[in-house]
Structures are given as structure tokens and as C-alpha cells.
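A.B. asks: Just dropping this structure here.
The values are calculated or read from the model by the stated rules, or taken from the named source; none is laboratory data. Just so you know, these numbers come straight off a predicted model, no measurement behind them. In this analysis, Cβ positions are derived from the backbone assuming ideal geometry, glycine residues included, and neighbour counts consider all displayed protein chains.
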Amino acid sequence: MTEKEQIQKNVEEFSRLQDYMVDSDKESTAYKKMKKRYIELKVILTTFGVNLTELDYIKE
């Protein structure tokens, strides 16, 4: 997998994950697990140099 493909995959996952988080109760176990992945993806995308300003609408 090329770097561009990895970035695309992670951007798509980040976007999809935020959609799920918006529809979930913040106190649920599922939300807490999603938040962990959300933070991981933020770190990965930042490392790749992706500007999250437009992509991150959860902002946690």
C-alpha cells in the first residue's frame, strides 16, 4: 500500500468514525472505544502532515 493510499484509508476511517461518534451517547462504552480510535487516527494523520482543521468536526 502506498503512502497516499494509507492516508486516504485513514481519512475515510476518521470521517466515518466521527459520524458514528455524533450518533452515539458520550457515556457509552462504544463511544469511549471510538474516542480512543479517534485519537489514534488524529495522531496518524497529523504524522502524515494532514491538516485536520476541515476534517475534524468532533474537536475533542
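A.B. asks: For THR53, are the conditions met, namely being among the β-branched types (Val, Ile, Thr) and assigned to a helix (DSSP H, G or I)?
C.D. replies: On the way: among the β-branched types (Val, Ile, Thr): yes; assigned to a helix (DSSP H, G or I): no.
Judged against the criteria, THR53 is not a match.
A.B. asks: For LYS59, all conditions in the list (1) assigned to a helix (DSSP H, G or I); (2) at pLDDT below 95 hold save one; what is the number of the exception?
C.D. replies: (1)
A.B. asks: Could I ask something else about it? Can you name the residue in the stretch 22-56 that is within 13 Å of VAL11 (Cα to Cα) and aromatic (Phe, Trp, Tyr) and is also surrounded by the most Cβ atoms within 10 Å (Cβ to Cβ) among such residues?
C.D. replies: TYR38
A.B. asks: To continue, here is another question. Checking GLU12 against (1) surrounded by 11 or more Cβ atoms within 10 Å (Cβ to Cβ); (2) under 12 Å from the mean Cα position of the chain (by Cα); (3) in a helix (DSSP H, G or I): exactly one of these is not met. Which one?
C.D. replies: The failed condition is (1).
A.B. asks: Right, here's the next one. Do you know which residues across the stretch 36-50 are of a type in the set (Ser, Thr, Tyr) and either in a loop (DSSP other than H, G, I, E, B) or at pLDDT below 95 (or both)? Don't jump to the end; show me each part of the working.
C.D. replies: Step one: of the stretch 36-50, the residues of a type in the set (Ser, Thr, Tyr) are 38, 46-47.
Residues satisfying the conditions do not exist here.
A.B. asks: Tell me which residues, restricted to the stretch 20-60, are under 26 Å from THR2 (Cα atoms) and among the acidic types (Asp, Glu).
C.D. replies: Within the stretch 20-60, GLU40, GLU54, ASP56 qualify.
A.B. asks: Return the residues of the stretch 15-35 that are without any contact (Cβ under 8 Å) to a residue 24 or more places away in the chain and part of a helix (DSSP H, G or I); say none if nothing qualifies. Break it down stepwise before answering.
C.D. replies: In the first step, residues of the stretch 15-35 are kept if they are without any contact (Cβ under 8 Å) to a residue 24 or more places away in the chain; the result is 16, 19-20, 23-34.
ARG16, ASP19, TYR20, THR29, ALA30, TYR31, LYS32, LYS33, MET34, listed by residue number.
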